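The structure appears right after this line, and notes come after that.
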Amino acid sequence: MSQFIRRESPPHQEDYRQYRPFLRRDFRFVCAYCERTEFVLGGEEFFEIDHFRPVKMFPEQQKHYPNLYYSCGRCNRHKGSTWPSEGLMERGFRFADPCREDMYSEHLEETQNGVLRVRTLTGEYTCAHIRLNRPDLVAWRQIKRQNAADVLTLEAIVKELELALKAAPGPDLRNDLQQRLAALRSTIARLRQQYSI
């Protein structure tokens, strides 16, 4: 299954940059390649529109919405105008397409320390050209992994507090438990949004 499912049906635009709001929603405000969110990177100004098939080689695809991907600036610049030759593609070297496959389960595997291990030639090509093991991404994956574990712990605490709320004897205790639940749910929602958990 793909990482991203296109749900938007924008009208044709003469300038591909006009597709930006549609792309942001289709890609859930996340980089198509490294999966970091706008929230983590400091806002939408750190994101660009990538032409999956580079305009240099596929000029007819410049304004074709399915060829446009939402990408952080660093991943977009690393990918640039790179595209494998026919010979490389015949041998299995190509970019993983996050709109057609889940590159993080089919072609790459995240290790405990946040480094991506390649599983296929497609994973090797994608990881090398987009530099998906650059230090900032490895550190981010480590933090994301820890936050995912924290979310599970917080969700277990929420369940316990919900049970305690049902059995709470007085309005003061119920009010206190409701405030704690609201704060925990807010923290969980923020972590889920921030790290696409």
Taking the condition closer than 18 Å to residue 13 by Cβ, open to solvent by 70 Å² or more (accessible area, probe 1.4 Å) and either acidic (Asp, Glu) or modelled with pLDDT under 95 (or both), does residue 86 pass?
no
Cβ contacts < 8 Å: first residue over 19 Å from residue 51 (Cβ atoms) and touching a residue at least 60 places away in the same chain (Cβ under 8 Å), restricted to the range 89-106; second residue surrounded by fewer than 16 Cβ atoms within 10 Å (Cβ to Cβ) and of a type in the set (S, T, N, Q), any location; separation 6+ or different chain. Result?
102/2
As an exercise: evaluate residue 129 against (1) open to solvent by 50 Å² or more (accessible area, probe 1.4 Å); (2) modelled with pLDDT under 95; (3) closer than 24 Å to residue 23 by Cα and give the number of the one condition it does not meet.
(2)
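Results for (1) without any contact (Cβ under 8 Å) to a residue 40 or more places away in the chain; (2) of a type in the set (Gly, Ala, Ser); (3) within 24 Å of residue 107 (Cβ to Cβ), shown as yes or no for each residue.
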{"site": "4", "(1), (2), (3)": "no, no, yes"}
{"site": "12", "(1), (2), (3)": "no, no, no"}
{"site": "26", "(1), (2), (3)": "no, no, yes"}
{"site": "30", "(1), (2), (3)": "no, no, yes"}
{"site": "45", "(1), (2), (3)": "yes, no, no"}
{"site": "48", "(1), (2), (3)": "yes, no, yes"}
{"site": "52", "(1), (2), (3)": "no, no, yes"}
{"site": "58", "(1), (2), (3)": "yes, no, yes"}
Given the condition under 29 Å from residue 111 (Cα atoms), touching a residue at least 12 places away in the same chain (Cβ under 8 Å), of a type in the set (Val, Ile, Thr) and surrounded by 15 or more Cβ atoms within 10 Å (Cβ to Cβ), answer yes or no: does some residue in the range 170-193 qualify?
yes
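Within the range 67-74, is there a residue that is in a helix (DSSP H, G or I) and of a type in the set (Lys, Arg)? Break it down into steps so the answer makes sense when it comes.
Initial filter on the range 67-74 (in a helix (DSSP H, G or I)): 67, 73-74.
Restricting the remaining residues to those that are of a type in the set (Lys, Arg) gives 74.
Yes, the range 67-74 contains a residue that is in a helix (DSSP H, G or I) and of a type in the set (Lys, Arg).
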Which condition breaks for residue 48 when tested against (1) within 26 Å of residue 137 (Cβ to Cβ); (2) of a type in the set (Asp, Glu); (3) in a loop (DSSP other than H, G, I, E, B)?
(3)
So, in the range 109-126, how many residues would count as being open to solvent by less than 70 Å² (accessible area, probe 1.4 Å) and either under 19 Å from residue 76 (Cα atoms) or of a type in the set (S, T, N, Q) (or both)?
7
Go through (1) at pLDDT below 95; (2) open to solvent by 50 Å² or more (accessible area, probe 1.4 Å) one by one and return the number of the condition residue 37 breaks.
(2)
Hey, among the residues in the range 40-50 that are open to solvent by less than 50 Å² (accessible area, probe 1.4 Å) and at pLDDT 95 or above, which one's farthest from residue 65 (Cα to Cα)?
47
Those residues of the range 60-73 which are without any contact (Cβ under 8 Å) to a residue 12 or more places away in the chain and either within 19 Å of residue 132 (Cα to Cα) or in contact with a helix residue (DSSP H, G or I) (Cβ under 9 Å, 6 or more places away or on another chain) (or both) amount to 61, 64
With respect to the numbered conditions (1) surrounded by 21 or more Cβ atoms within 10 Å (Cβ to Cβ); (2) out of contact with any Lys or Arg (no Cβ under 8 Å at 6 or more places or on another chain); (3) charged (D, E, K, R), which one is the sole condition not fulfilled by residue 56?
(1)
Only residues that are charged (D, E, K, R), part of a helix (DSSP H, G or I), out of contact with any helix residue (DSSP H, G or I) (no Cβ under 6 Å at 6 or more places or on another chain) and under 30 Å from residue 54 (Cβ atoms): list them for the range 130-188, please.
136, 141
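The values are calculated or read from the model by the stated rules, or taken from the named source; none is laboratory data. Since this is a predicted model, take the numbers as computed values, not measurements. FYI the Cβ positions are ideal-geometry reconstructions off the backbone, even for glycines, and counts take in every protein chain you see. To get the accessible areas, we keep the full protein, side chains included, count just its heavy atoms, and leave off ligands, DNA and RNA. Shrake-Rupley method; radii C 1.70, N 1.55, O 1.52, S 1.80 Å.
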